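Here the structure is laid out as structure tokens; the discussion comes afterwards.
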């Protein structure tokens, strides 16, 4: 009986079985989307323009797709923002060199004005972040390693990712760490992990949009029973799915 329950927990659940809402077109040019979060009708997006060596954090009105405000976040050679996360009145975003082994500045910004509040440095390319009251969890390039820091930036743990999905965005929801990304060119997943030991608890698999991009290619968040995905570069569309 215990084995049967465990098997059910780990069965791949298709995203195609979830009800979807109409996609929302964002009314701004986002050269390369990275991460997202949402709250009370507002969408935050991190994106990078490798040609101009600039990184951005933007706020959008979800109902209309209209851009509310946007700031540049690059610091010299560090111009690649990763997956971001809301945290009370703040938002955390890693800004790294465009190098899988390069360093990162983890920035804490005001979620409304997007002004910089504080930052700390990490000697690795951090591509995504999640936050709760206990601190931060971050993944390096493709999330091969998962880090933990306290809110002051002190490293608490460094753990190899036991899974094969290359997480591009992370969130903490309840007692779970949610990670989304691809495990092949045609397939991706949103995975629920135990926050303590990263044991896989649930997996929702996803295929391609009608533009041929995996739904889990970049930005992901889960709020109030709604899964938000922003996989495509400009013109970008926000996809919303209702949890069954």
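Observations
- Counting only strands (runs of 3 or more DSSP E) that sit completely within the range 13-83, those holding 1 or more residues that are under 19 Å from the mean Cα position of the chain (by Cα), in contact (Cβ under 8 Å) with a residue 12 or more places away in the chain and farther than 23 Å from residue 130 by Cβ correspond to 19-25, 42-49, 54-61, 67-72.
- A single member of 83, 127 is under 27 Å from residue 196 (Cβ atoms) and touching a helix residue (DSSP H, G or I) at 6+ places or on another chain (Cβ under 6 Å), and it is 127.
This table checks each residue for (1) assigned to a loop (DSSP other than H, G, I, E, B); (2) more than 14 Å from the chain's Cα centre (by Cα).
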site	(1), (2)
180	no, no
186	yes, yes
196	yes, yes
202	no, yes
205	no, yes
210	yes, yes
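- Within the range 186-213, tally of residues that are within 22 Å of residue 162 (Cα to Cα) and in contact with a strand residue (DSSP E or B) (Cβ under 8 Å, 6 or more places away or on another chain): 19
- A residue that is in contact with a helix residue (DSSP H, G or I) (Cβ under 7 Å, 6 or more places away or on another chain) and either assigned to a loop (DSSP other than H, G, I, E, B) or surrounded by 15 or more Cβ atoms within 10 Å (Cβ to Cβ) (or both) occurs nowhere in the range 143-159.
- Applying the criterion of being at pLDDT 95 or above and more than 14 Å from residue 214 (Cα to Cα) to the residues of the range 174-190, the residue that is surrounded by the fewest Cβ atoms within 10 Å (Cβ to Cβ) is 176.
The values are calculated or read from the model by the stated rules, or taken from the named source; none is laboratory data. The shown structure was predicted, so the numbers you read here are calculated from the model rather than taken from an experiment. With ideal geometry, Cβ positions are generated from the backbone for all residues, glycine too; neighbour counts draw on all protein chains shown.
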